[in-house]
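Nothing in this text is a laboratory measurement; each read-out follows from the coordinates by a stated rule. Computed from a prediction, not measured in an experiment: that's the story for all the values here. Methodologically, a virtual Cβ is constructed for each residue, glycine included, from the backbone with ideal geometry; neighbour enumeration extends over all protein chains shown.
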Amino acid sequence: MPNISKTAPLPVIGENANPCVMVIFGATGDLTKRKLFPALYNLAKSHLLSREFAIVCTSRTEMTTEAFREQITQDIKTFATTEVEPDLWEWFLKRIYYVAGDVKDPNCYQRLKELIEQADREHRTHGNYFYYLATSPDFFGEIVRQLNAIGLMTEEKDQWRRVIIEKPFGHDLESARALNAELRECLDERQIYRIDHYLGKETVQNILVFRFGNGIFEPIWNRRYIDNIQITAAETVGVEKRGGYYDTSGALRDMVPNHLFQLVSLTAMEPPTSFDANAVRDEQSKVLHAIQPIPPEDVLTRAVRGQYGEGELNGERVPGYRQEPNVAPNSTTETFVALKLMIDNWRWAGVPFYLRTGKRLPKRVTEVAIQFKSAPLTLFRETPVERLRTNRLVIHIQPDEGISLRFGAKIPGPIMRLGAVEMDFNYVDYFGEVPSTGYERLLYDCMTGDATLFQRADMVEAGWSVIEPVLDVWKALPPRSFPNYAAGTWGPKEADELLKDDGREWRPIDQ
Ligand code: BG6
């Protein structure tokens with residue numbers, strides 16, 4: 001394997017986030033204990049949290065602040081990604097408050113307000129607040145309206161108010177537009193942070209650095225050199241305990257307009273004029289708007305849906321989707337989707353972007369594979385070399401984060417033979433393990449007011465517009481052959497045919 005010289009990791013650059021109170025709605029839920037507290041603790045440990053900081057938590061469960069602190073002290077033992085230092089945890093814990101309340105009850109906002117103001121006084125957080133809505137999406141609009149009504153969204157003097165909204169952001173174009181309109185009645189767009197946890201992943205952020213921090217890739221990053229791009233987000237898990245939600249959503253809504261479109265837009269966007277939040281997002285938005293809408297008559301050939309039946313994964317028998325808890329026994333919800341998208345701009349005209357994502361596939365892997373065109377001529381005509389393999393660059397998003405480049409090399413020996421070799425860069429080899437939850441950067445950015453890695457309203461709406469025709473046609477023509485792939489396989493055969501019809505194939509992913 002070629003040796004690439006190792007450079008010292010750069011020191012963490014950053015200053016303590018602004019003083020503020022973070023208010024978590026849905027604080028007894030999974031997200032808070034698995035991601036938010038471990039991420040906040042990691043920020044504290046990296047000196048990236050202001051000393052003037054507090055967290056006010058709320059949910060329906062009746063509990064005192066003391067009981068809540070005890071609970072999260074237990075939880076952090078399970079979910080921390082780094083060692084929990086008792087002194088630092090003590091410091092952290094003193095900043096956490098809890099109040100029970102039902103978000104639909106206007107009275108609970110008065111109690112919440114008093115507690116936020118108390119936390120603000122006790123920890124001198126300068127009246128800056130941000131709200132993390134880790135609740136069911138049904139309550140997003142309601143919570144924002146109520147907070148606004150009681151004055152908790154009003155920015156006075158230098159104080160700021162922001163709100164982080166989890167996915168799903170709407171369930172189609174119309175509901176996303178309605179939610180955006182509802183939020184805008186109370187908030188300015190710059191106060192709204194629509195989170196997509198894919199953007200918290202180092203490797204996803206690295207797509208920008210790889211493309212725009214290096215001089216050698218951008219000149220070949222276009223239709224002249226690239227044949228096609230394949231984006232895969234494969235999971236081995238089924239729907240776990242989320243059958244109730246998933247059965248009303250499906251793979252297309254759950255993964256495509258959000259996570260996969262982040263990967264598409266970062267891979268395909270033009271270089272921004274600066275790293276300013278709006279400059280970056282303007283370019284992402286332009287690409288999303290340039291995705292060719294799939295005409296209804298082409299939906300069934302350009303969008304493939306699948307649902308897993310029972311099968312074998314990692315040596316174990318696993319049930320089919322329809323046998324999962326809280327899933328209708330005759331469900332027609334898709335657990336797999338593959339799409340062929342075209343981007344109508346000068347850089348990408350004619351280059352297909354093939355996307356696929358699904359549950360219960362043989363391997364957990366997310367990657368962007370850039371498949372280059374063949375060399376313009378085969379110089380090795382007079383030799384036993386019949387066919388040149390093409391170059392391929394793979395951005396491994398997870399697991400085994402890294403980048404690899406495939407190129408041809410001469411196989412040693414007296415006869416001219418070519419082999420395909422891989423040049424690999426693995427994150428851990430260069431930077432070591434950096435244990436994180438993926439939420440640190442996003443929380444930090446919200447506290448410092450940097451919205452670059454958050455979705456703007458126009459981006460969310462553009463994403464829904466692209467998949468809207470597919471949703472409509474699929475709804476009108478329910479699938480007849482579900483389940484159509486066995487758990488532990490790479491999806492229905494139609495997904496292979498999608499590429500085969502174009503004379504291509506999915507990059508084989510080792511199991
Ligand atoms: C979530 C989806 O947004 O992303 C889940 O709702 C999916 O269904 C998850 O499993 C995938 O995230 P990751 O980080 O594991 O790739």
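Label-to-label distance, ARG507 versus VAL84, with points set 7 angstrom from Cα along the beta-carbon direction: 3.9 nm.
For THR332 and ARG121, the FRET efficiency from 1/(1 + (r/R0)^6), where r spans their Cβ atoms and R0 equals 56 Å, is about 0.55. Here the Debye sum runs over all C-alpha atoms of the chain as equal scatterers in vacuum, and log10 of I(q)/I(0) at q = 0.07, 0.08, 0.10, 0.14 Å⁻¹ comes out as -0.43, -0.56, -0.87, -1.55.
Over all other residues within a Cβ to Cβ distance under 13 Å of GLU324, the charged ones net out to +2, with Lys and Arg as +1 and Asp and Glu as -1. Note on LYS167: lysines with a C-alpha under 23 Å away, same-chain residues under 8 apart excluded, are LYS33, LYS35, LYS104, LYS201, LYS241, LYS286, LYS359, LYS475. Based on the alpha-carbon gyration tensor of the range 372-511 and its eigenvalue square roots a ≥ b ≥ c, which shape applies: rounded if a/c is under 1.5, prolate if not and a/b is larger than b/c, or oblate? Note, shape of the range 372-511 comes out oblate. The HN-Hα couplings worked out from phi for the range 293-302 by the Karplus form 6.51 cos²θ - 1.76 cosθ + 1.60 (θ = phi - 60°) are x, 7, x, x, 5, 9, 4, 5, 9, 9 Hz, whole numbers, x standing for Gly and Pro. Each Lys and Arg contributes +1 and each Asp and Glu -1, all at the Cβ; summed about the Cα centre of the range 260-386, the dipole is approximately 200 debye. When both the range 470-511 and the range 270-326 are represented by their alpha-carbon centers, they are found 12 Å apart. With the highest mean first, a sort of the peptides 501-508, 110-117 on other beta-carbon atoms found within 10 angstrom per residue produces 110-117, 501-508.
Counted residue by residue at 0.36 nm each, then reduced by the alpha carbon distance between them, the extension gain from GLN323 to LYS493 reaches 59.0 nm. Here the extension length gained between ASP75 and PHE139 equals 20.5 nm, from 0.36 nm per residue of separation less the Cα-Cα distance. Between ARG184 and ILE150, the FRET efficiency from the beta-carbon distance, with R0 = 25 Å, is close to 0.85. Ordered by the number of other Cβ atoms lying within 10 Å of each residue's own Cβ, fewest first, LYS77, LYS359, LYS104, LYS373 fall into the sequence LYS77, LYS104, LYS373, LYS359. Extending 7 Å from the Cα toward the beta-carbon at both ARG389 and ALA420 defines two label points whose distance is 0.5 nm. The residue list VAL304, THR73, TYR193 was ranked by how far each Cα lies along the charge dipole of the chain toward its positive end, using unit charges on Cβ atoms, and VAL304 comes out on top. Quick one: grab the alpha carbon gyration tensor of the range 150-203, order the square roots of its eigenvalues as a ≥ b ≥ c, and give me rounded if a/c is under 1.5, else prolate or oblate depending on whether a/b is larger than b/c. Oblate, since a/c reaches 1.5 and b/c is not below a/b. Which is farthest toward the positive dipole end of the range 93-175 among GLY101, GLN146, GLY127, measuring Cα position about the Cα centre, with Cβ charges +1 (Lys, Arg) and -1 (Asp, Glu)? Towards the positive end, the residue furthest out is GLY127. In this simple spin-label model, placing a label point 7 Å from the Cα along the Cα-to-Cβ direction at both ARG51 and ILE411 gives a separation of 6.6 nm.
Under the classification rounded if a/c is under 1.5, otherwise prolate if a/b is larger than b/c and oblate if not, where does the range 127-182 fall, given a ≥ b ≥ c as square roots of the Cα gyration tensor eigenvalues? Judged from the Cα gyration tensor, the range 127-182 comes out prolate (a/c at least 1.5, a/b above b/c).
Taking 0.36 nm per residue of separation and subtracting the Cα-Cα distance, full extension of the segment from LYS363 to ARG480 would add 39.4 nm.
Its Cα centre serving as origin, the range 357-511 has a Cβ charge dipole (Lys and Arg +1, Asp and Glu -1) of approximately 700 debye. Using the Cβ of ARG161 as centre and a radius below 10 Å, the other residues enclosed give a net charge of -2, where K and R count +1 and D and E count -1.
FRET efficiency for the pair GLU240 and ASN278, taken as 1/(1 + (r/R0)^6) with r the Cβ-Cβ distance and R0 = 35 Å, rounds to 0.40.
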